[in-house]
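Structure record follows, encoded as structure tokens.
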Amino acid sequence: MDSIETPLLVLTPLHPDHAGEMTGVLSDLALHEFIGGEPLTESELRTRYERQTSGPPGWRNWVIRLRAEDRLVGYVQATIDGRTAEVAWVVGTPWQGRGLARAAATALVEHLMEREVDTVVAHIHPDHAASASVATAAGLRPTERWEDGEVRWERHRA
């Protein structure tokens, strides 16, 4: 799995050693309003990252490194099944509102569509306007389909 680089960010393949820094990035309870769950301890996050990095080949996970601050600020992920990828993104609360999720999600979607998928899917809570804006910027459009209370967004290869 390759790193994905933009002028603003580097999406670096996830490694269990990222758990220490990511524990702080994901620690705000407000961050979990739409993604569910609660902040994990460093040990719990390391265990999750070990599982994610040893999972099936279709599981792809990157941490988002902000170049200007040389620090992790969130993550993006893709689960690839055939020619379809389901994607998600999370940026820590202190770094929200700066276009980082937009840049990361757009870079991820472009990377996937250039290399291996024909369809990208995201599921977004209908009240999560910021995530809807990120999806729109990445070229996804809402569909009429719902799953677990979230709207299915899609982008198809032209």
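Subtract the Cα-Cα distance of residue 152 and residue 53 from 0.36 nm times their separation in residues, and report this length gain in nm to one decimal. Kindly include the intermediate steps, with their values, before the conclusion.
Numbers: separation 99, 0.36 × 99 = 35.64 nm, distance 2.59 nm.
Taking 0.36 nm per residue and subtracting the Cα distance, the gain is 33.0 nm.
Go through region 67-123 and name the GluC sites (Glu not before Pro) that are in a DSSP coil and have 10 or fewer other Cβ atoms within 10 Å of their Cβ.
Numbers: sites: 69, 86, 110, 114, 116; in loops: 69, 116.
Here the sparse-neighbourhood loop sites are 69.
Can you give the convex hull volume of the alpha carbon atoms of region 43-86 per residue, in Å³? Show your work: numbers first, answer last.
Details: hull volume 3.9 nm³, N = 44.
Dividing the Cα hull volume of region 43-86 by its residue count gives 88 Å³.
Around residue 63, what is the net charge, scoring Lys/Arg as +1 and Asp/Glu as -1 over all other residues with Cβ under 15 Å from its Cβ? All intermediate terms of the calculation are to be shown ahead of the outcome.
Numbers: positive: 46, 48, 60, 65, 67, 71; negative: 2, 5, 17, 21, 42, 50, 69, 70.
That sum, taken over residues with Cβ under 15 Å, equals -2.
Direction-averaged shadow area of the convex hull around the Cα atoms of region 2-59, nm²?
One quarter of the hull surface, i.e. the mean projection, equals 4.9 nm².
Using helices alone, what [θ] at 222 nm do you get for the chain, with -39,500 (n - 2.57) per DSSP H run of 4 or more residues, divided over all residues and rounded to the nearest 500? Kindly include the intermediate steps, with their values, before the conclusion.
Details: 5 runs with 48 residues, N = 158.
Calculated from helices alone, the mean residue ellipticity at 222 nm is -9000 deg cm²/dmol.
If you place +1 on the Cβ of every Lys and Arg and -1 on the Cβ of every Asp and Glu, how big does the dipole about the Cα centre of region 49-125 come out, in debye to the nearest 20?
Numbers: 9 positive and 9 negative charges, 53 e Å.
Here region 49-125 has a charge dipole of around 260 debye.
On average, how much accessible surface per residue is there in region 1-46, in Å², for a 1.4 Å probe, leaving out ligands, DNA and RNA? Numbers along the way, then the final one.
Values: 2580 Å² over 46 residues.
Ligands and nucleic acids excluded, the figure is 56 Å² per residue.
If you take the charge dipole of the chain about its Cα centre, with +1 on Lys and Arg Cβ and -1 on Asp and Glu Cβ, which of 55, 10, 25 is farthest toward its positive end?
Result: 10.
As I understand it, the value is the acute angle between the Cα axis of helix 42-53 and the longest principal axis of the Cα atoms of the chain; what does it come to in degrees, rounded to 10?
Here the helix axis deviates by roughly 40 degrees.
How tilted is helix 100-115 with respect to the longest principal axis of the chain? Cα atoms for both, answer in degrees (0 to 90, nearest 10).
Once rounded, the angle reads 60 degrees.
How do the peptides 132-144, 24-36 rank, highest first, by the average count of neighbouring beta carbon atoms within 10 Å per residue?
On the way: 132-144: 16.7, 24-36: 14.4.
Peptide ranking by packing, descending: 132-144, 24-36.
Taking +1 at the Cβ of each Lys and Arg and -1 at the Cβ of each Asp and Glu, which of 39, 130, 75 sits farthest along the dipole of region 34-154 towards its positive end, judged by Cα position relative to the Cα centre?
75
Given contacts defined as C-alpha pairs under 8 Å and at least six residues apart, what's the relative contact order of the chain, whole-number percent? It would help to have the intermediate numbers written out before the result.
On the way: 288 pairs, mean separation 30.4, N = 158.
The value is 19 percent.
Once you have the Cα-Cα distance between residue 114 and residue 127, take 0.36 nm times their residue separation minus that, and quote the gain in nm to one decimal.
On the way: separation 13, 0.36 × 13 = 4.68 nm, distance 3.06 nm.
Extending this stretch completely gives an extra 1.6 nm.
Just for the Cα atoms in region 41-158, what are the lengths along the principal axes, largest first, rounded to whole Å?
Taking max minus min along each principal axis of the Cα atoms, region 41-158 gives 38, 33, 29 Å.
The values are calculated or read from the model by the stated rules, or taken from the named source; none is laboratory data. Values in this document were obtained by computation on a predicted structure and should not be read as measured data. Here the Cβ is made from the backbone with ideal geometry for all residues, glycine too, and neighbour counts use every protein chain on show. Remember, those area values only see protein heavy atoms, side chains included, never the ligands or the DNA or RNA. Shrake-Rupley method; radii C 1.70, N 1.55, O 1.52, S 1.80 Å.
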